[in-house]
Amino acid sequence: MATRIAASEIKTVDNIAPYDEALTWHEYEVTKVLEGILNASRIRVAHWTVVRGKNTKSSGAVGEEVELRIRPFDKEDTDNLADVVISDELDILAEEPPRFMDMSAILGDGKSPEAVRYDYDSLFSDQMQIYWHLRHQLELVVLGNSHAAEGILPGLLLDDQNKVTPKALNLSAGGAKVDMQCLLAEDYVLPLPKLKSMVWMVSARIFNEELNNSQTRLDTFKASPGYNYDRDHWAELWPVKLDVPPVTIANLKELNLNRKKFDPWGWVGHDKMMDEKEKSTVLKKLTSVKFKFDDEAWDTFKQTVSRATAKGVRVYVVTSPMHPMSKDTPSADPDGSSHEGQAKMVEMLNELDAANDLVWFWDVNRSGNHGMSPDCFFDVDHLNLKGATELTRQLSNWMSRTQ
């Protein structure tokens with residue numbers, strides 16, 4: 001039992017998309033140990049406020065006494081939470097109280113049977129529901145991590161028919177590293193019967209070996225009920241049946257899919273820009289450099305691109321734009337990627353472009369010198385609606401010139 005004496009802001013599904021997990025740190029005075037051993041009178045506890053794209057029952061009321069089920073928060077937790085939105089506004093102390101993880105949300109979680117088919121253990125479930133309804137008519141798919149999920153609006157690509165009958169889909173997953181992006185490409189995108197193009201947004205982040213040791217996002221996806229259903233029923237699901245009527249925007253609305261955060265083309269993002277307070281926080285994050293180029297990740301990416309072009313699919317690779325302030329900071333990305341690592345990736349992508357007639361590469365970011373104004377950004381590495389609209393229109397014009 002413990003009494004809450006301080007609480008950080010509670011993050012919800014509404015303000016963390018396209019990510020699907022969130023933690024918030026609280027501080028407590030311990031009133032009684034009910035089970036186990038705890039040699040501390042004051043503790044800090046990380047509470048899950050969003051789990052698998054769903055809000056938990058969370059309270060931040062100071063003075064409230066609560067019963068907690070906790071375990072020590074260790075280095076492995078820190079390593080595995082790279083793709084989790086964490087809210088920590090507690091005071092920095094010379095001698096900080098010990099930290100713990102609240103287990104109640106996890107221990108009390110259950111799945112309803114009707115959710116199993118399209119439960120991919122995250123907000124990505126919503127995109128996959130759209131995918132399964134549109135796959136017989138898709139001609140273009142966007143791949144990447146949250147940069148692409150927020151930065152590219154497939155509804156603005158292709159022709160006017162795409163605005164009524166979606167033929168383009170954003171299948172980018174927040175927090176996805178190269179292995180997961182390539183798995184999605186190999187298993188779900190390349191077998192599409194009408195696929196003509198892929199747009200793949202990349203940054204040095206996905207080729208940073210310092211980050212790629214943890215495959216939590218991929219492991220979660222592969223352990224999900226939806227993915228395992230797909231594996232078990234693969235022969236029934238493929239090849240895609242083409243003798244079905246086209247699905248329109250109106251049809252998708254009638255289906256009442258769980259798409260609160262996504263448009264009919266799978267885009268999710270924010271219509272606000274970063275404020276001054278957030279800028280100072282971000283600048284601190286851009287001071288630390290921790291990068292080693294991941295050759296294995298590059299080989300995996302290159303092989304998947306080659307398999308796509310071998311099928312006659314056109315692959316458009318673009319770098320994700322970072323906030324203009326990143327051009328003058330030690331790191332090129334708040335994850336710690338270096339400017340040198342970004343430059344090496346650009347060089348290798350130019351070589352890939354030159355060696356393959358069906359690959360086109362555009363370095364949108366240009367080390368932060370992309371010409372997009374600060375009001376195009378939601379935070380340092382994600383575009384808002386204005387930025388995504390501007391970038392997608394430029395992307396559409398660039399792609400049309402390659403035809």
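A short reminder: the numbers here are calculations on the coordinates, not readings from a lab. From a predicted model like this one, the values you see are computed outputs, not experimental measurements. FYI the Cβ positions are ideal-geometry reconstructions off the backbone, even for glycines, and counts take in every protein chain you see.
Amide H contacts for Ile86 (H built 1.01 Å from N in the peptide plane; partners 5 or more residues away or on another chain; cut-off under 5 Å): Leu23. Sparsely packed loop sites in segment 345-403 (the trypsin sites (Lys or Arg not before Pro) outside DSSP H, G, I, E and B with at most 16 other Cβ atoms within 10 Å) comprise Arg401. The Cβ shell under 12 Å around Glu96 holds other residues with a net charge of -1, Lys and Arg each +1, Asp and Glu each -1. Going by the alpha-carbon gyration tensor, a ≥ b ≥ c the square roots of its eigenvalues, is segment 246-375 rounded (a/c under 1.5) or, if a/c is not under 1.5, prolate (a/b greater than b/c) versus oblate? Oblate, since a/c reaches 1.5 and b/c is not below a/b. Residues Arg217, Arg44 in ascending order of nearby Cβ atoms (within 10 Å, fewest first): Arg44, Arg217. Cross-link partners for Lys311 among the lysines, with Cα-Cα distance under 17 Å and sequence neighbours closer than 8 places in the same chain left out: Lys194, Lys196, Lys302. Relative to one another, the C-alpha centroids of segment 138-203 and segment 322-365 are positioned 20 Å apart.
Here is the list for segment 298-357: trypsin sites (Lys or Arg not before Pro) lying in DSSP coil, each with at most 13 other C-beta atoms within 10 angstrom of its C-beta, are Lys311.
For the chain, set up a Gaussian network in which alpha carbons nearer than 10 Å are linked by springs, and say which option among Asp20, Asp74, Asp379 fluctuates the most. Result for the chain, Cα springs under 10 Å: Asp74 fluctuates most. Length available on full extension from Ala235 to Trp132: 0.36 nm per residue minus the Cα-Cα distance, which gives 35.6 nm.
Between amide H atoms placed 1.01 Å from N, distances below 5 Å from Met103 occur with Arg69, Ile70, Arg71, all of them 5 or more places distant or on a separate chain. Taking a ≥ b ≥ c as the square roots of the eigenvalues of the Cα gyration tensor, an a/c ratio of 1.5 or more together with a/b larger than b/c marks segment 2-107 as prolate. Tell me the net charge near Ala185. Cut-off is 14 Å between Cβ atoms, Ala185 excluded, with +1 for each Lys or Arg and -1 for each Asp or Glu. Summing Lys and Arg as +1 and Asp and Glu as -1 gives +3. Fewest neighbouring Cβ atoms within 10 Å first, the residues His136, His270 line up as His136, His270.
Based on C-alpha pairs under 8 angstrom that are at least 6 apart in sequence, the chain has a relative contact order of 17 percent. Note on the chain: with a GNM built from Cα contacts shorter than 10 Å, the maximum mean-square fluctuation among Thr216, Thr287, Thr12 falls on Thr287. Among Val164, Val141, Val380, the residue with the largest mean-square fluctuation in a Gaussian network model of the chain, with springs joining Cα atoms closer than 10 Å, is Val164.
Cross-link partners for Lys327 among the lysines, with Cα-Cα distance under 24 Å and sequence neighbours closer than 8 places in the same chain left out: Lys177, Lys272, Lys277, Lys279, Lys284, Lys285, Lys290, Lys292, Lys344, Lys386.
Computed over neighbours whose Cβ is under 11 Å from that of Pro18, the net charge equals -3, Lys and Arg +1, Asp and Glu -1. Spin-label pair Glu254-Glu276: with each label point 7 Å from Cα along the Cα-Cβ axis, the two points sit 5.3 nm from one another. By the gyration tensor of its Cα atoms, with a ≥ b ≥ c the square roots of the eigenvalues, what is the shape of segment 174-332: rounded for a/c under 1.5, prolate for a/b over b/c, or oblate? Note, shape of segment 174-332 comes out prolate.
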